[in-house]
Amino acid sequence: MRVRWLGNSCVEIEGEKRLLIDPNYVLEPEGEFGFVLVTHEHSDHIDPEKLKNLKFGKLFAPLATLEEYGLDGESVKPGDEINGIKVLESWCWKAKESVSYLCYGVLHTGDSAKFPDAKAKLVFTACFPDFYEDYVREMKRLKPELVVPIHYDYGREEKRKNAEKLVELLKSEGINARVVEPGEVIEI
């Protein structure tokens with residue numbers, strides 16, 4: 001399976017189906033997607049204008065996201081399943097409604113610093129300094145093969161340092177983690 005971080009919280013997954021999660025990207029996604037998945041309504045996770053430029057089959061998002069942006073899609077909630085993709089709980093700060101997705105062994109939780117129980121090979125996590133201890137605790141519990149920090153302004157060096165510091169903390173606890181560049185391919 002091929003996975004790429006495209007900036008902000010946008011992740012492209014090439015597995016059984018081609019998926020895009022949180023379509024507010026810095027680097028343009030490649031090709032067509034079977035599904036576009038959105039974790040919650042915050043504008044750094046979904047940009048309706050960028051969504052219009054994508055070629056995709058179906059859009060899945062929490063009902064609050066669909067309503068806020070007037071989008072045509074299917075609403076999801078924790079406990080749902082979409083062609084083998086599990087919709088799980090999420091705890092995103094100040095979100096009206098949020099979900100996490102477990103897609104082919106890849107866990108994406110939007111902004112959350114608390115993670116649902118999931119058997120994930122790869123976890124994408126936000127990297128807010130106030131929640132470093134929470135991220136480390138959660139990754140020790142989940143034991144993924146790799147953790148990749150996302151959800152930071154890639155163009156600002158001080159924000160990239162947030163990702164680098166989280167990686168350092170995770171590695172000090174024996175957890176495999178690394179910072180990736182937008183567009184870098186991760187094979188799992």
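Within segment 63-89, residues that are among the aromatic types (Phe, Trp, Tyr) reach partners that are surrounded by fewer than 17 Cβ atoms within 10 Å (Cβ to Cβ) with beta carbons closer than 8 Å, at six or more positions or on different chains, in the pairs 69/48.
Filtering segment 10-49 to residues that are within 15 Å of residue 183 (Cβ to Cβ) and surrounded by 16 or more Cβ atoms within 10 Å (Cβ to Cβ) leaves 10, 11, 12, 13, 14, 20, 25, 27, 29. If you go through segment 5-28 and keep only what is more than 24 Å from residue 81 (Cβ to Cβ) and not aromatic (Phe, Trp, Tyr), you end up with 6, 7, 8, 24, 26, 27, 28.
Residues being touching a residue at least 24 places away in the same chain (Cβ under 8 Å) and surrounded by fewer than 24 Cβ atoms within 10 Å (Cβ to Cβ): count how many of those fall in segment 101-110.
3
Taken together, 67, 97, 133 contain a single residue that is exposed (fewer than 15 other Cβ atoms within 10 Å of the Cβ) and either over 24 Å from residue 172 (Cβ atoms) or hydrophobic (A, V, I, L, M, F, W, C) (or both), which is 67.
Could you list, in sequence order, the residues of segment 22-70 that are of a type in the set (Gly, Ala, Ser) and not in a loop (DSSP other than H, G, I, E, B)?
Scanning segment 22-70 gives 34, 57, 61, 64.
Looking at 185, 147, just one residue is closer than 18 Å to residue 107 by Cα, exposed (fewer than 15 other Cβ atoms within 10 Å of the Cβ) and among the hydrophobic types (A, V, I, L, M, F, W, C), and that residue is 185.
The numbers here are math on the coordinates, done by the rules we state, and not lab data. For clarity, every value in this text was computed on a predicted model and none was experimentally measured. So basically every Cβ, Gly included, is an ideal-geometry build from the backbone, and we count neighbours across all protein chains shown.
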